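J.: Once you've had a glance at the structure underneath, I'll fire off some questions.
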Amino acid sequence: MKTLIALAVVLSFTTGCTTIKRLIYDGWGRDSWQQPDRVVRELALRQGDRVADLGAGGGYFTFRLAAAVGPTGRVYAVDVERGMVEYVAAAAARQGIAQVEAILAAHDSPRLPDNAVDLIFTCDTYHHLDDRAAYFKRAIRHLRPGGRIAVIDYSGNGWFAKLFGHFTPREVVVQEMQSAGYRLERSHDFIDRQSFLIFARSAG
C-alpha cells in the first residue's frame, strides 16, 4: 500500500494527470485478475455490433471491444474526462482503428445517439455514477431492439474497494437496474473481486 502511494506521488511530479489515471486503472497486474479476453468472449459480440464503453478511461476494454466487433462495427469510447477521451481518440487514430469513436460525456448523460448501440458496457464506473437508476432509465433510448447492458463493478472484496469506497454490492446493482427497467439476464463469477452482470430490457 505504501509503495503504491509513493509511486503515485512520484508520478504526479513526473507525468500528467491522464497518465497517472491510466496507470492506476490499467496497471499493476490487472490483466491477470480482470481476465479481459474472457470478459469480452462472454459478451458474445458479433461482427458489426455497436458497443458503448461507458467510462472508457484509457481504452483498456475499448480496443478489445473494437477487435470483437470488427471494422464493420462501432465502439463509442465514452468518458467524462477530456484527457482520457483525447488519449483514446489519438490512440485509435495512431493504430488505424476506425471503428472507435471517442465521446466526451456529461456526468448525467453518455451523449450517445438514440437507438445506436447493441450493448452498453461499463467496468469500474458504476459506483461513480449519481442516481444510477435514473441514469440507466434514460439510457434505454440509446439501445437498439434487443440491446443489453453489462455492468462490471467492485463488489466490496479487497482493500482497494473498501479503502476508497469504490464498489457497489451486487444486490444493489441488481435492484437499481431492475428499478431502471431491466432484468438480470446473466451473471458471471469468474472475477473474484468484482461482479459481472448482464441485463436486458424488461418486457413491457
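J.: Give me the residue from region 176-204 that is modelled with pLDDT of 95 or more, of a type outside the set (Ser, Thr, Tyr) and surrounded by fewer than 18 Cβ atoms within 10 Å (Cβ to Cβ) and, out of that set, nearest to Asp118 (Cα to Cα).
T.: Among those residues, the one meeting the criterion is Ala200.
J.: Something else now. Looking for whichever is charged (D, E, K, R) and within 19 Å of Asp49 (Cα to Cα) here; the options are Asp118, Asp192, Asp153. Which one fits?
T.: Asp118
J.: Could you list, in sequence order, the residues of region 112-130 that are modelled with pLDDT under 95 and of a type in the set (Asp, Glu)?
T.: Asp124, Asp130
The values are calculated or read from the model by the stated rules, or taken from the named source; none is laboratory data. Since the structure is predicted, the reported quantities are computational estimates derived from the model, not experimental observations. Positions of Cβ are backbone-derived with ideal geometry, glycine not excepted, and every protein chain shown enters the neighbour counts.
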